[in-house]
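Report on the structure given below.
The values are calculated or read from the model by the stated rules, or taken from the named source; none is laboratory data. In this text the structure is predicted, and so the values were computed from the model without any measurement. Note: accessible area is taken over every heavy atom of the protein model, side chains too, but ligands, DNA and RNA are not part of it. Shrake-Rupley method; radii C 1.70, N 1.55, O 1.52, S 1.80 Å.
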Amino acid sequence: MNLLDELRTHRLLAIVRGPDPAAALSAVLTLADSGVALVEVSLTSADALDVIRRARVALGPDYALGAGTVLSAEDARAAADAGAGFLVTPALAPSLAEGCRLGLPVLAGALTPTEVVQATSGGATAIKLFPASLGGPDYLGALRDPFPGAAFVPVGGVDAEGARRYLDRGALAVGVGSPLLGDAVRGGDPAALRERATSFRAAVRR
């Protein structure tokens with residue numbers, strides 16, 4: 001899987017995080033069935049590795065399924081063993097080097113220019129601009145000036161309207177959690193999740 005190509009093509013990364021493993025798995029499968037092509041399961045979710053493992057079996061080897069909130073080298077190895085095809089970190093962490101060693105693409109968390117340089121030099125495939133809500137689309141635009149070649153994926157407080165504004169300011173894609181997932185990770189209505197997925201997919205189309 002080429003993570004950059006997937007992000008560039010689909011422009012939406014869904015973030016699944018929740019206390020109910022069955023609901024989290026259902027949400028992943030519903031998102032995939034609704035046309036959302038990239039999903040990460042946060043390791044802060046209950047039984048996250050099992051959710052990833054079961055989702056990988058259900059979705060097959062080619063689906064862009066990743067693990068989020070990957071901090072340690074041990075986290076990176078466990079996520080890879082569970083079937084994660086890419087890793088996402090909330091900050092610069094040992095998982096970046098370990099993910100690169102394992103040959104997995106890493107979407108590395110960074111906020112400041114210094115962190116962007118460190119993430120890029122450390123081998124990050126793309127930069128998770130987090131928390132994006134601190135600076136908003138204008139801050140992303142300012143970062144694009146010194147880093148025109150960086151692949152930025154804003155995450156944190158991104159709703160459907162904000163997603164379009166970030167993309168217009170040069171984001172490669174956006175990462176969306178609760179505005180997309182809603183109560184689905186706690187057993188909410190899958191039909192409502194499908195509707196939100198449709199709305200977000202429409203919002204990120206060029």
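Observations, loosely collected:
- Averaging Cα coordinates gives a centre for the range 1-42 and one for the range 77-154; these two points are 18 Å apart.
- Carbon + sulfur, % of accessible area of the chain - ligands and nucleic acids excluded, 1.4 Å: 52
- Surface exposure of the range 1-95, expressed per residue as accessible area with a 1.4 Å probe, stands at 38 Å².
- Relative to the current alpha-carbon distance between Arg77 and Thr9, full extension at 0.36 nm per residue lengthens the span by 21.7 nm.
- Look at (1) 111; (2) 136; (3) 97: the one that is volume of the Cα convex hull per residue in Å³ derived from this structure is (3).
- Over all Cα atoms in the range 64-105, the spread is summed up by Rg and Dmax: 8.5, 23 Å.
- The residues of the range 112-206 have, on average, 47 Å² of accessible surface per residue, using a 1.4 Å probe with all protein chains present.
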